[in-house]
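Notes follow the structure.
The values are calculated or read from the model by the stated rules, or taken from the named source; none is laboratory data. Just so you know, these numbers come straight off a predicted model, no measurement behind them. Cβ sites come from the backbone with ideal geometry, for glycine too, and all protein chains shown count toward neighbours. These accessible areas exclude ligands, DNA and RNA; they are computed on the full protein's heavy atoms, side chains included. Shrake-Rupley method; radii C 1.70, N 1.55, O 1.52, S 1.80 Å.
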Amino acid sequence: MSSLAPSTHGMSMSKHATLPTSYVELCSMLREAATIGSVAALVGWDQETYMPPAGSAFRSEQQATLASLTHERRTNPRIADLLAACEEDGGVMGDAARAANIREIRRDYALATKLPRQLVSELARVGSLAQDAWKKARTDDDFKGFAPWLEKMFALQRQKAMCYGIPKGGELYDALLDEYEPGATAAQITAIFNPLRDRLTDLIKRVEAAKKTVKVPTACLKAKIPADKQHALGLMVMRAIGFDLDAGRLDTTTHPFCSGMAPGDTRLTTRYQDQAFTDALYSTMHEAGHGLYEQGLPKMPPTKSSNGTIDLFGTPLADAISLGMHESQSRMWENFVGRSLPFWKWLLPRSTKIVGTALSKYKPETLYKAVNTVTPSLIRVEADEATYNMHVMIRFEIERALVAGDLKVADLPATWNRKYKDYLGVKVPDDRRGCLQDVHWSFGLVGYFPTYTLGNLYAAQFWEKINSDIPDLAKQHAKGQFGSLLEWLRTKIHRHGRRFHAAELCERVTGKPLTSEALLRHLEGRAADVYRL
């Protein structure tokens with residue numbers, strides 16, 4: 001196990017304390033539900049990696065059954081009784097960590113009991129089938145073939161949102177967004193996104209003007225490196241930044257993802273192109289960032305008490321705060337670390353041992369500038385930092401309109417193409433590189449997309465604080481020493497689980513509420529380095 005393995009430090013549950021019986025039983029029930037959920041995650045990972053195509057039909061039944069069983073466990077009336085007992089017990093509520101756990105368990109239970117078991121099962125079944133339909137449609141550039149599945153999924157999502165209920169003064173989309181970023185609303189997101197978009201639009205225009213006199217060589221990004229060597233390079237970087245490969249693995253898939261499915265088991269996936277090695281490198285670092293968060297959550301070891309053992313797995317204290325916070329971790333390692341000059345000063349000399357001479361003629365400064373060029377493009381996961389958030393804003397606006405019924409699925413491609421022309425100035429040649437490029441909607445991940453930009457905002461604000469706390473961070477990274485950064489993240493963010501809400505944790509860590517200023521300083525600084533703005 002890594003020397004930076006997760007701990008329960010700060011959870012204030014001593015090793016041999018007598019824990020309330022109601023609390024022990026409640027955590028045990030949640031662990032059972034989470035165990036079934038972890039099997040569903042394993043089945044989902046297999047579907048994305050090694051499952052034979054003919055298995056998709058029955059896989060949807062497996063997913064539906066597992067989702068139903070998990071939901072049954074999470075909505076057991078006994079949980080309500082135990083929650084009430086814990087809320088009345090001074091021994092539980094007098095402890096800050098346990099009180100936070102009970103608070104979040106109450107929230108989860110309230111939401112889960114609003115969803116009918118049949119709807120949960122149907123969401124899982126349709127999501128599994130739609131996922132395979134999306135893969136085929138993307139390969140064949142066949143939006144019409146996928147459209148019926150998208151209509152089914154958004155109809156189910158609207159039904160789910162209605163079960164949750166529209167927040168006071170809000171809209172249907174808010175109920176779905178709350179699953180990924182608790183407490184956030186579409187109106188709040190819009191208030192953050194609109195001024196950010198205006199500043200980014202101005203930055204992109206200034207870069208385009210600078211390109212007339214500043215030419216940035218990017219041939220290094222087209223170096224031909226076979227997939228097996230890219231894979232080896234990715235594994236080397238993962239080990240260096242602290243990902244425990246004894247408790248995880250890296251595989252390939254159509255759309256990269258991370259699944260922290262169980263204690264000691266965090267799966268990452270990526271994809272490879274022979275002449276676009278940085279796409280895989282940054283995809284791997286992105287997912288490894290997610291993976292480091294999962295490995296840093298206090299899922300284990302168990303806490304021993306005189307009346308039993310508590311394993312936090314399945315409780316909110318072992319869960320990530322929000323998807324925005326999760327994205328802050330992945331985007332930090334991918335961009336703030338991976339696209340920095342110190343990182344390339346460390347990686348480039350060592351890469352030749354793995355990939356051969358493909359990069360040997362280049363300097364770290366060349367790679368640094370090449371990976372920080374600003375070029376409006378079609379594909380979100382391949383976008384540069386400055387334009388990336390525009391991709392996210394487009395998806396946020398579209399899914400919000402689809403949920404509200406203001407946009408029909410049949411009109412999605414035309415709307416998508418128009419927004420890409422308006423926001424990024426690029427023409428979408430086909431649906432494969434347009435509205436079919438992301439897997440999220442086939443899964444039913446509606447309300448997920450805005451968390452990517454929230455993650456960028458959190459990451460930038462954390463990054464400024466990190467550099468203040470660790471003044472020689474750049475020198476450490478140039479030597480391949482990433483332990484101080486990981487320890488900072490483990491101490492300040494990972495170990496807390498959901499003890500604090502995202503906005504609260506951000507202010508506790510940085511001393512200020514979330515704003516876009518740190519991200520804009522970061523993006524404008526990188527652009528100034530590359531284009532001499």
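Measuring nothing but how far apart in sequence close Cα pairs (under 8 Å, 6+ apart) lie, relative to its length, the range 212-359 scores a relative contact order of 23 percent.
Ranking 337, 216, 497 by how far each Cα lies toward the positive end of the dipole of the chain (charges on Cβ) leaves 216 at the top.
Would you work out the charge dipole size for the chain about its Cα centre, treating the Cβ of every Lys and Arg as +1 and the Cβ of every Asp and Glu as -1, and quote it to the nearest 20 debye? Show your work: numbers first, answer last.
Numbers: 68 positive and 61 negative charges, 317 e Å.
Using only the charged Cβ atoms, the result is roughly 1520 debye.
At a Förster radius of 35 Å, what calculated FRET efficiency corresponds to the Cβ-Cβ distance of residue 227 and residue 140, to the nearest 0.05? Efficiency for this residue pair is about 0.90.
Taking 0.36 nm per intervening residue step and subtracting the Cα-Cα distance, what contour gain separates residue 504 from residue 249 on full extension? Present the calculation step by step, with values, prior to reporting the outcome.
Values: separation 255, 0.36 × 255 = 91.80 nm, distance 3.27 nm.
The span from residue 504 to residue 249 would gain 88.5 nm if fully extended.
This model, with +1 at the C-beta of Lys and Arg and -1 at the C-beta of Asp and Glu, gives the range 356-404 a dipole about its Cα centre of some 160 debye. For the range 409-533, the square roots of the Cα gyration tensor eigenvalues, ordered a ≥ b ≥ c, give a/c of at least 1.5 with a/b greater than b/c, which places it in the prolate category. Could you quote the convex hull projected area for the range 353-447, Cα atoms only and averaged over all directions, in nm²? Convex hull of Cα atoms, orientation-averaged projection: 8.3 nm².
Quick one: pull the percent of accessible area on the chain belonging to carbon and sulfur, 1.4 Å probe, ligands and nucleic acids left out. Mind dumping the intermediate values first?
Values: 11200 of 21440 Å².
Reported share for carbon and sulfur atoms: 52 percent.
Distance between the 7 Å Cα→Cβ label points at residue 521 and residue 365: 2.6 nm. Treating r as the C-beta distance of residue 197 and residue 469 and R0 as 35 Å, the FRET efficiency rounds to 0.65.
A crude spin-label estimate for the pair residue 85 and residue 357, with each label 7 Å from Cα along the Cβ direction, gives 7.2 nm.
A straight chain from residue 273 to residue 212 at 0.36 nm per residue would run longer than the Cα-Cα distance by 19.0 nm. The calculated 222 nm mean residue ellipticity attributable to helices in the chain amounts to -20000 deg cm²/dmol, summing -39500 (n - 2.57) over DSSP H runs of n ≥ 4 and dividing by all residues.
Which net charge results when you count Lys and Arg as +1 and Asp and Glu as -1 among the other residues whose beta-carbon is under 14 Å from that of residue 275?
Numbers: positive: 222, 224, 229, 271; negative: 274, 279, 382.
My count for the surroundings of residue 275 gives +1.
Peptides 397-407, 442-452, 334-344, 234-244 ranked from most to least packed by the mean count of surrounding Cβ atoms within 10 Å: 442-452, 334-344, 234-244, 397-407.
The residue 491 and residue 32 beta-carbon pair, evaluated with R₀ = 30 Å, returns a calculated FRET efficiency of approximately 0.50.
Pulled fully out, how much extra length does the chain show between residue 422 and residue 151, if you take 0.36 nm times their separation in residues and subtract their Cα-Cα distance?
Values: separation 271, 0.36 × 271 = 97.56 nm, distance 2.58 nm.
Fully extending the segment from residue 422 to residue 151 adds 95.0 nm.
What number, in percent, do you get for the relative contact order of the chain if the mean sequence gap of Cα pairs under 8 Å and at least 6 apart is divided by its residue count? List each step's numbers first, then the result.
Details: 841 pairs, mean separation 115.5, N = 533.
The normalised contact order for the chain reaches 22 percent.
Using a simple spin-label model with pseudo-atoms 7 Å out from Cα toward Cβ, residue 163 and residue 58 lie 2.8 nm apart.
Over the chain, give the accessible area per residue in Å² for a 1.4 Å probe, as an integer. Walk me through the intermediate numbers first.
Working: 21440 Å² over 533 residues.
So the chain comes to 40 Å² accessible per residue, rounded to a whole number.
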